[in-house]
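Okay, structure first, notes after.
Every number here is computed from the coordinates shown, using simple stated rules; none is lab data. Small disclaimer: the values here were computed from a predicted structure and weren't measured. Note: ideal-geometry Cβ built from the backbone for every residue, glycine included; neighbour counts use all protein chains shown.
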Amino acid sequence: MQQQTIEDLAEKEAEIKEAFEIFDKNKSKSISVQELTSVFRSLGYNFSQDEIQSMVKELRHTQKAEGAEDKELDFDDFKNLLQMQEEKAKSGEDDLRDAFEVFDRDANGYIGLEELMMVAKSLGENISEEDLKGMLQYAANTLNQKDDDKDKAPQINLQQFVEAYLK
């Protein structure tokens, strides 16, 4: 298992390095902050130019190099930038898991109508049972609930909860 993890990390770093090198057209071993949008997109991220500028400033702050030039990043800077974003994403996933657990009152791994009604009521939300049922049904249908589950009361699991939140 440990060996697999090391191989995965090596493969991921090679993918990141390849993307970096593709966009380092003049082989200066650095890429411009403006080019980062394209590099990130090639790796499956979709950040705006403003988000990237903010990320670079945060990186420089953590490096205690705030006076450093923010126009170019070397490979190590780029890799550190990606790691920062992955840590934030992991933290966001943990937050969603915690939120799911608040809704999943009986801890069965699903959020059903009764649980959703109790949470909505405790939050002071005035949402009808019909609307809540429609929300769950929509989430279940959108997130590919199996056809044989269609007759059951709508409910969603953690993965569906996360997917629904991120859509």
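Taking only DSSP H segments of four or more residues, each worth -39500 (n - 2.57), what value at 222 nm results for the chain once the sum is divided by all its residues, to the nearest 500 deg cm²/dmol?
Details: 7 runs with 105 residues, N = 167.
Here the helix-only value at 222 nm equals -20500 deg cm²/dmol.
List the extent of the Cα atoms of the chain along each of their three principal axes, largest first, rounded to whole Å.
For the chain, the Cα extents along the three principal axes come out at 61, 37, 27 Å.
Show me the helices of the chain, taken as full DSSP H stretches, that run 30 Å or more along their long axis by Cα and average -1.0 or above in Kyte-Doolittle hydropathy.
Span-like helices in the chain: 2-23, 75-103.
What number, in percent, do you get for the relative contact order of the chain if the mean sequence gap of Cα pairs under 8 Å and at least 6 apart is divided by its residue count?
Details: 116 pairs, mean separation 26.0, N = 167.
Over the chain, the number comes to 16 percent.
To the nearest 0.05, what FRET efficiency results for F47 and A14 with a Förster distance of 25 Å applied to their C-beta separation?
Working: r = 22 Å, r/R0 = 0.88.
So, using R0 = 25 Å, E works out to roughly 0.70.
Report the full-extension gain for the segment A153 to S122: residue separation times 0.36 nm, less the Cα-Cα distance, to one decimal in nm.
Details: separation 31, 0.36 × 31 = 11.16 nm, distance 2.16 nm.
9.0 nm is the gain from fully extending A153 to S122.
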